[in-house]
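Visitor: Submitted below is the structure of interest, expressed as structure tokens.
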Amino acid sequence: MRQAREAGSGPAAGPARTSASEPSSARQVVLVVPVHPPTDALLRSTYQTHAWFAASDKEAFLREVVHCEVAVTSGSSGIRAALMERLPALRLVACFGVGVDGVDLDYARAHGIQVTNTPEVLTEEVADFALALLLSTLRQVPQADRHVREGHWLEAAFPLTGSLRDRRVGIVGMGRIGQAIARRCSAFGVPVAYHGPAPKPGLGFAYFDSPLALAQACDVLIAACRGGAQTAGLVSREVMKALGPQGCLINVSRGSVVDQNALVELLNDGSLGCAGLDVFDDEPRVPAPLVACPRVVLTPHMASGSHTTRAAMGRLTLDNVAAYMAGRPLLTPV
Ligand code: 8YV
């Protein structure tokens, strides 16, 4: 088993790991999945990179990167323990994204592999997007756009829509993103309540100790919690039923948080009013019944996907890699 190192210690701080006969491990990076192209270009121009996702001969690839200490991946894909096991020199996994549910953190911890993510730089963007999705879903903005484009306005007025007025919003997950969503909802004049592992003193919003109790008190539910085993299925069939036929579910968290099969059934039988979804169980595959459902707004996991925010995420990812390479403390260790 590899030895755990002190947080932030990169090759410059550690004992010499290479000899003349060994290929140098310094300035080499494994790219696990494709990330933001400008960040990818910066990584490729700064380091010797090895793209796992593009390697046709995986065994030859693993021999080539046997001394690589750094891997870069996305928040949504992470890196599986099975791959970490095959990278014996791995010391840093730098995630382009705030979520690290795709990284086997227990494995990383047990093997002295540090993990970084990109918190804060995407908080406001994701919260903006949650509100965009909420208003688009309730007011049926994409459906109305299609009505105009397809010439139906010439035949009939667009039907009246639901509204954010008189709604009570429940937020599942009151971390940085949940709080940024709550601030926006307050500015829109709608009351907010929340559920999380524990109440957060000083926020001034009502706390409910289960998603079901929250859904019973609200008619809009916004999932903004982290993904992973702890939150899998948190928005269950019962929770969505409690939102009711006028209820609205928004998900900017992870597909795993919502029981997707139950969601489809409840939308189709009218037990749940509408949904706005940026994340899905098996991305980029979206079940046909969701695609066919007229009361759903679907977006391709893009809440953080603006030029500005993805560039900031890229800078932070690169800064973490550079800190590791220089033996400095990591900026945003998980
Ligand atoms: C990104 C995300 O879409 O931050 C996260 O956890 O899921 C997103 O912001 C993703 O990391 C980009 O690949």
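Visitor: Residue 132 passes all but one of (1) within 16 Å of the ligand (Cβ to nearest atom); (2) touching a residue at least 24 places away in the same chain (Cβ under 8 Å); (3) in the same structural domain as residue 276 (by TED's automatic domain parsing); which number fails?
Guide: (2)
Visitor: I'm told residue 204 meets every condition in (1) more than 29 Å from residue 143 (Cα to Cα); (2) open to solvent by less than 50 Å² (accessible area, probe 1.4 Å) except one. Can you identify the failing condition by its number?
Guide: (2)
Visitor: Return the residues of the range 261-292 that are outside any loop (DSSP other than H, G, I, E, B), in contact with a Pro (Cβ under 7 Å, 6 or more places away or on another chain) and not aliphatic (A, V, I, L, M); say none if nothing qualifies.
Guide: Filtering the range 261-292 for residues outside any loop (DSSP other than H, G, I, E, B) gives 261-268, 274-277, 282, 285, 288-292.
When the remaining residues are screened for being in contact with a Pro (Cβ under 7 Å, 6 or more places away or on another chain), the result is 264, 268.
Residue satisfying the conditions is 268 alone.
Visitor: In the list 221, 214, which residue meets the criterion of being open to solvent by less than 20 Å² (accessible area, probe 1.4 Å) and in a helix (DSSP H, G or I)?
Guide: Values: 221 fails: in a helix (DSSP H, G or I).
Answer to the selection: 214.
Visitor: With 56, 45 as the choices, which residue is open to solvent by 60 Å² or more (accessible area, probe 1.4 Å), part of a helix (DSSP H, G or I) and more than 21 Å from residue 101 (Cα to Cα)?
Guide: Working: 56 fails: part of a helix (DSSP H, G or I).
None of the other options fit; the residue is 45.
Visitor: Kindly indicate whether residue 71 is of a type in the set (A, V, I, L, M, F, W, C), out of contact with any Cys (no Cβ under 6 Å at 6 or more places or on another chain) and surrounded by fewer than 16 Cβ atoms within 10 Å (Cβ to Cβ).
Guide: Answer is no for this residue.
Visitor: Just one of 134, 138, 105 is more than 23 Å from residue 315 (Cβ to Cβ) and open to solvent by 10 Å² or more (accessible area, probe 1.4 Å); which is it?
Guide: On the way: 134 fails: open to solvent by 10 Å² or more (accessible area, probe 1.4 Å); 138 fails: open to solvent by 10 Å² or more (accessible area, probe 1.4 Å).
Only one candidate qualifies: 105.
Visitor: Among the residues of the range 143-163, which ones are under 24 Å from residue 188 (Cα atoms) and open to solvent by less than 40 Å² (accessible area, probe 1.4 Å)? So that I can check it myself, show each step before the final result.
Guide: Here is the first cut: in the range 143-163, the ones under 24 Å from residue 188 (Cα atoms) are 143-145, 159-163.
Passing the criteria: 143, 144, 162.
Visitor: A further question on this structure: Any residue that is under 23 Å from residue 308 (Cβ atoms) and out of contact with any helix residue (DSSP H, G or I) (no Cβ under 8 Å at 6 or more places or on another chain) - is there at least one of those in the range 142-164? Outline the logic, then answer.
Guide: Of all residues in the range 142-164, those under 23 Å from residue 308 (Cβ atoms) come to none.
No, there is no match, as no residue in the range 142-164 is under 23 Å from residue 308 (Cβ atoms) and out of contact with any helix residue (DSSP H, G or I) (no Cβ under 8 Å at 6 or more places or on another chain).
Visitor: Would you point out which residue out of 227, 273 is crowded, with 17+ Cβ neighbours inside 10 Å, of a type outside the set (A, V, I, L, M) and more than 20 Å from the chain's Cα centre (by Cα)?
Guide: On the way: 227 fails: more than 20 Å from the chain's Cα centre (by Cα).
None of the others qualify; the one that does is 273.
Visitor: May I ask you to list pairs of residues, at least six apart or on different chains, whose Cβ atoms are under 9 Å apart, with the first in the range 29-42 being not assigned by TED's automatic domain parsing to the domain that holds residue 83 and the second being within 13 Å of the ligand (Cβ to nearest atom) and in a strand (DSSP E or B)?
Guide: none
Visitor: Could you figure out which of (1) over 17 Å from residue 136 (Cβ atoms); (2) within 16 Å of the ligand (Cβ to nearest atom) isn't true of residue 240?
Guide: Of (1) over 17 Å from residue 136 (Cβ atoms); (2) within 16 Å of the ligand (Cβ to nearest atom), only one is false for residue 240: (2).
Visitor: For residues in the range 90-125 being touching an Asp or Glu at 6+ places or on another chain (Cβ under 9 Å) and over 14 Å from residue 71 (Cα atoms), which is farthest from the ligand (Cβ to nearest atom)?
Guide: Top of the filtered list is 111.
Visitor: For residue 228, which of the numbered conditions (1) out of contact with any Pro (no Cβ under 6 Å at 6 or more places or on another chain); (2) modelled with pLDDT of 95 or more; (3) not acidic (Asp, Glu) fails to hold?
Guide: Answer for residue 228: the failing condition is (2).
Visitor: May I pose another question? Taking the range 293-314, which residues are part of a helix (DSSP H, G or I) and either away from the ligand (no atom under 15 Å from the Cβ) or open to solvent by less than 40 Å² (accessible area, probe 1.4 Å) (or both)?
Guide: 309, 311, 312, 313, 314, listed by residue number.
Each row is one residue, and each column tells you yes or no for (1) within 13 Å of the ligand (Cβ to nearest atom); (2) over 18 Å from the mean Cα position of the chain (by Cα); (3) in contact (Cβ under 8 Å) with a residue 24 or more places away in the chain.
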residue: 50; (1), (2), (3): no, yes, no
residue: 54; (1), (2), (3): no, yes, no
residue: 60; (1), (2), (3): no, yes, no
residue: 63; (1), (2), (3): no, yes, no
residue: 72; (1), (2), (3): yes, no, yes
residue: 81; (1), (2), (3): no, yes, yes
residue: 84; (1), (2), (3): no, yes, yes
residue: 88; (1), (2), (3): no, yes, yes
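The values are calculated or read from the model by the stated rules, or taken from the named source; none is laboratory data. Since the model is a prediction, treat every value here as computed from it, not as a measurement. No Cβ is skipped: glycine too gets one built from the backbone with ideal geometry, and neighbour counts run over all protein chains shown. Each accessible area value is taken on the protein alone, full model and side chains, heavy atoms only, with ligands, DNA and RNA left out. Shrake-Rupley method; radii C 1.70, N 1.55, O 1.52, S 1.80 Å.
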